[in-house]
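Heads up, the thing below is written out as structure tokens.
Throughout, read-outs are computed from the coordinates displayed, never taken from laboratory work. Since the structure is predicted, the reported quantities are computational estimates derived from the model, not experimental observations. Reconstructed Cβ throughout: ideal geometry from the backbone, glycine too, with neighbour counts over all protein chains shown.
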Amino acid sequence: MSLPCKDVSGGPPVPDVDALMRGVRAGVADKLDRGVCRPADLEELRRLGTVERRNRELLARCDELQAEVRGLQTLLGREGSAEKPA
Amino acid sequence: MTGVTLAFVVPWFGDEVRGGAEMQGWETARELARRGCRVEILTTCSRSFLHRWDENHHAPGVSEREGVTVRRFAVDRRDEGRFAAANGALLSGARASAALEEDFVRENINSRELYRFIGENAGNRLFVFTPYLYGTTLAGAAVRPDRSLLIPCLHDESYAYLGVTRRTFLGVRGSLFFTPEEAAVARRACGAEPPGRVTGGGIDTHLRGDAERFRRASGVREPYLLYVGRLDRGKNTHVVMAYARERARRRGGAERLVLLGAGPLAIPPEEPVFVAAGVLDEQGKMDACAGALALCQPSVNESFSRVIMESWLNEVPVLVHADCAVTVGHCRRSGAGLWFRDFFEFSEVADLLAGDPELCRRLGQAGRRYVLAECSWDAVCARIVRAVAELTGERLLTL
């Protein structure tokens, strides 16, 4: 495709990004018309993103808690052995 | 002729301080000094944003860095709980009562010693406060507003609409804005035209990246989109990750997403679409930029965006979020970037760039021309010198 440009005083022509964006939006509209893209996909994408993020956050929290438990067990183990008679 | 001293006031300063605003403040000071201006840094003894704001990690006193005098002042005690409550309420959109604002400023990072110095040494100094939302700026600029300027680094966020922010913007001699869009946010937030000039932001325009070096180091041979910055929901990293994942799911052989930086957002190692490149030095970052299909800047909270300029310096186009007036403004003025409002637009733009190397080249070249004209330190420092003279009547240059 030929690149739409606009003239800027005193300099080389600058790509006309607004014209390119009109082409991008026309491309999206065409795909929506043809059913290649569905508006429902956007909502699904948002939902999936939320679920995956929550899943990762919970897994990370799980790791933290397990580390905390291991730390406490180590501590208890030390205190326990200190209480045992020699 | 003797010029006035420009004293940059920043809450934190040092090797550990990596925030965009603090980096920009320091580099602006250093570059003005290199061009013959009298410049110094006034800061606190607190270690960094990530450490305690009321702990004096550094010793108070005077030191020097790259020929610039650095004066450190002890921080005040603060009630972190009260600050967290006020900050949380402001972030949640609560109406900012006078009491809430008072807590936000009083329990922020502050230094009475710094404010005393400002009050007693304003005769031959102009104070430049940056960024706008910390105690050192909001309380510091109130000491001698007639001798104060801001480099605000303003975003369209709840803090911008506080009464104390409005009083600060309207009370000082002027603000030095990075972009016309940032100045527009200030106008909207103040409900009036605050004094100021658009002086732009500077970057080192001498660095160039080596795409092949990044490919060798990272092992990434496929086309890739690049994200650079904090891995954080506040920066919309999760949005660009979700979109890259969805493109990979729909198209199979779509490009990968290389993420440079660190932060709370985890990058799932089991998903091959993502490449977690970690934190790289400046040259490594430029190398990654040079080989990218495009840089993705999905953040809507930008007042300048250095990474966009670094990408353009390497003749690589950018892809920004349609809801960020600042980054879209850069794209329109330069003719070197496109934007997206949702996944479909993101994917359509990615298809366009991936399928047309000549378009990428032309966009990238326009970006480089824009950066060299707008963001070279020679250009930015000249604008600052002129703006300070117009706003205050003071001359910065000693020559």
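The table for this structure:
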| read-out | value |
| --- | --- |
| Relative pair counts by distance (%), Cα atoms of chain B, 10 Å bins | 5, 22, 31, 25, 14, 3, 0 |
| Computed E for B:ARG187/B:ASP232 - FRET, C-beta separation, R0 25 angstrom, nearest 0.05 | 0.30 |
| Net lengthening on full extension, B:ARG167/B:GLU212 (0.36 nm per residue, minus Cα-Cα) | 11.1 nm |
| In sequence order, calculated HN-Hα J values of the stretch B:326-332 (Karplus, 6.51, -1.76, 1.60; Hz; x Gly/Pro) | 5, 6, 5, x, 4, 4, 5 |
| Cα principal axis extents for the protein assembly as shown, largest first, Å | 90, 70, 46 |
| Cα lying deepest toward the dipole's positive end in chain B, options B:VAL385, B:HIS330, B:VAL228, charges on Cβ | B:VAL385 |
| Reduced Cα scattering model of the stretch B:280-362, Debye log10 I(q)/I(0), q = 0.23 Å⁻¹ | -1.14 |
| Unit charges on C-beta of K, R, D, E only; dipole of chain B, Debye | 540 |
| Descending principal axes extents, the stretch B:156-197, alpha-carbon based, whole Å | 22, 20, 14 |
| In the stretch B:32-94, the chymotrypsin sites (Phe, Trp or Tyr not before Pro) that fall in loop regions by DSSP, at most 13 other Cβ within 10 Å | none |
| Approximate spin-label separation A:CYS5-B:HIS51, in nm, with each point projected 7 Å along Cα-to-Cβ | 5.3 |
| Relative contact order, percent, the stretch B:1-56 [alpha-carbon distance under 8 Å, six or more residues apart] | 44 |
| Net dipole in debye of the protein assembly as shown [+1 Lys, Arg Cβ; -1 Asp, Glu Cβ; about Cα centre; nearest 20] | 420 |
| Beta bridges per DSSP with both ends in the protein assembly as shown, % antiparallel, nearest 5 | 15 |
| Antiparallel %, DSSP beta bridges [both residues in chain B], to 5 | 15 |
| For the stretch B:104-179, fraction of C-alpha pairs farther apart than 19 Å, in % | 28 |
| Cα shape, the stretch B:312-399, gyration tensor, a/c 1.5 rule | oblate |
| Leading residue at positive end of dipole, the stretch B:125-282 (Cβ point charges), from B:VAL275, B:MET241, B:ALA192 | B:ALA192 |
